[in-house]
Each structure stands twice: as C-alpha cells, then as structure tokens.
Amino acid sequence: MHYLNYFLTTLFIPFSFIAISLPDWVAITLISLLTSVLALFVYKKVSDPLKIKTAKSMVKAGILEMLLFKDNPAQTVKSLKFVLSANLKYFLANLKPVAYLIIPAIVLIIQVEPHLAHRPFKKNETFLFSLRGINKPDVEFKGLIKETDPFFLEEENRYYWRLKYNSDKDAIIKLSDKTREIKVKGSKNSFLFSGSSKSLSGILSPVPYNALDGIQAYEIKYPEREIEFLSVKTYWLYPYFLLTILFAFILKGFFKVEL
C-alpha cells in the first residue's frame, strides 16, 4: 500500500505544487485548465464523436419539433419521447470516456483537496491534536505551546491536546521514542497532511509517511481555506468544476472533440 501511496503522490505532484505555490484563484484556474486538457485528450482517444454528434442533433431536432407543434398534444408527447430516447443515446455515447476519467478525477481531487480546502496554521492559532491507540501520552512538542494537559477519552481510546501554534515555520510533534514525528504545517508553501483524521495505513493520503508503532491514527484539524467567488465565500470545488467545464467547451474545437 505504501508503494501505491508513493506512486499516487508522485503522479500528482505537479497539481499539488500548483495548489501550494500560487494564489488560490490562479491555482484553481490552472488546475482546471490542466484537468480540461487531460479530459479532452482522453475523449479524443476513446470516444466516438459521430455517435455523440448524432445524439446531440437528435435532441435538438426533437426540441425544435416540440416547439413547432406545441399546439398538438399528441405530437408533443411523441416528440418528448424522441428527446428522451435521444438523451439516453447521448448519455451512452459519453459513458465510455467518462468511465476512463472518473477514477483519475477522484484521485486528483483527493490529492489536491487538502491543499486548497485547508490552509497552514498562523502564529498563535489554537487547535486540537489527538492520538488514538497509544498506551501513554509520551509526546514532545516543538514550535507549539501546550495549553492543556492530555485528556483521555476512554470510549475512543484517544488522547486529546489543545495546542497553540507558536512558530514561523513548520512545527513538530515527536512521538514515542522521539525518533518519529508528525509535522504540523505552518509555513506558507507547505504540503498539508489532511484537514481531518487519516489512518496511518491509508493508501490515498496526499503525503507519504510510515506507520508508527502502537498508534492507530492521529488527527490535526487545519483551518478551512476561504475561496471568494463573486464576493461570496465558497468551497474550492465549485469554481473548479465550473472552470473545468468552461475550458473543455472552449478548447474542444482545438482538440477536435465532440462533447
């Protein structure tokens, strides 16, 4: 599983690098553009443009027929059935390329999401940190101020700390024998582990790490990153999807692809 983790991390490093290195909107726009180009390349290779174009023409013809014969209920119903049948053909014509794209798209979102949905800590921000599966809280903090002693929640088998970020760069939590550590991200251009809990044996984490003896999981809740779109704060996926679709329709002529 660790080999798969490293492979996925390496494969999507360009996208993650864009996400942490550029301003939010520049990063989202560039990632959307790259996603559109990759999607159009897949469409060009595996789709049947004639089937897609024919299905689209049938849908348009059916809608036009409905408008022309709107005063004829029987003909309208017949045209509606034709439009629905044409839509089904259009859906089936797009099914193969979408099937090729769905898994890479999901993995891409998983890899990029921690960097765009959350941000590193700022100095003097407080947060909760927890470890599950340890026998005793033998932990050392560097660049962090411990605001509370560890609290053990028995039903979760988890220790909790309330910490304050007190560093101008990444802080460190050293575990167990002090040779193993978790980085707490605070520098501007740094890769985040995740916005919430991750199993230490997970295969899709955006940052590779080794399993820590006796520890089942840890949790660091990073602050949510706020993306502003038309003066409204929104989740990064919404403008990402809109821009990806927009770029795809703008560039489809260049790739000679039917969508």
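Only the coordinates and a few stated rules stand behind these numbers; no lab work does. Everything quoted here is computed from the prediction, not taken from an experiment. Every residue, glycine as well, gets a Cβ built from its backbone with ideal geometry; the counts of neighbours run over all protein chains shown.
At an R0 of 30 angstrom, the distance between the Cβ atoms of Asn87 and Leu34 translates into a FRET efficiency of 0.50. Legend: residue pairs Lys146/Lys233; Lys60/Lys96; Lys123/Lys221; Lys78/Lys256, Cα-Cα distance threshold 27 Å; pairs beyond threshold, Lys146/Lys233; Lys78/Lys256. Amide H to amide H, with H built 1.01 Å from N, His118 comes under 5 Å of Arg225, counting only residues 5 or more places away or on other chains.
The simple Förster model, with R0 at 51 Å and r as the Cβ-Cβ distance, assigns Glu154 and Glu228 a FRET efficiency of 0.75. In plain terms, the chain from Phe241 to Lys78 could stretch by 55.2 nm, reckoned as 0.36 nm per residue minus the Cα-Cα distance.
Can you tell me which aspartates and glutamates have their Cα less than 20 Å from the Cα of Lys252? Leave out same-chain residues fewer than eight positions away. Qualifying aspartates and glutamates at Cα under 20 Å: Asp48. Other residues whose C-beta falls under 10 angstrom from the C-beta of Lys44 contribute a net charge of +2, scoring Lys and Arg +1 and Asp and Glu -1.
Computed from label points 7 Å out along Cα-Cβ, the spacing between Ile250 and Ala105 is 1.9 nm.
Local charge for Lys78 was computed over the other residues whose Cβ lies under 15 Å away, with Lys and Arg +1 and Asp and Glu -1, and equals 0. Where Lys and Arg each count +1 and Asp and Glu each count -1, what net charge lies around Glu147 among other residues with Cβ under 10 Å from its Cβ? The answer is +2.
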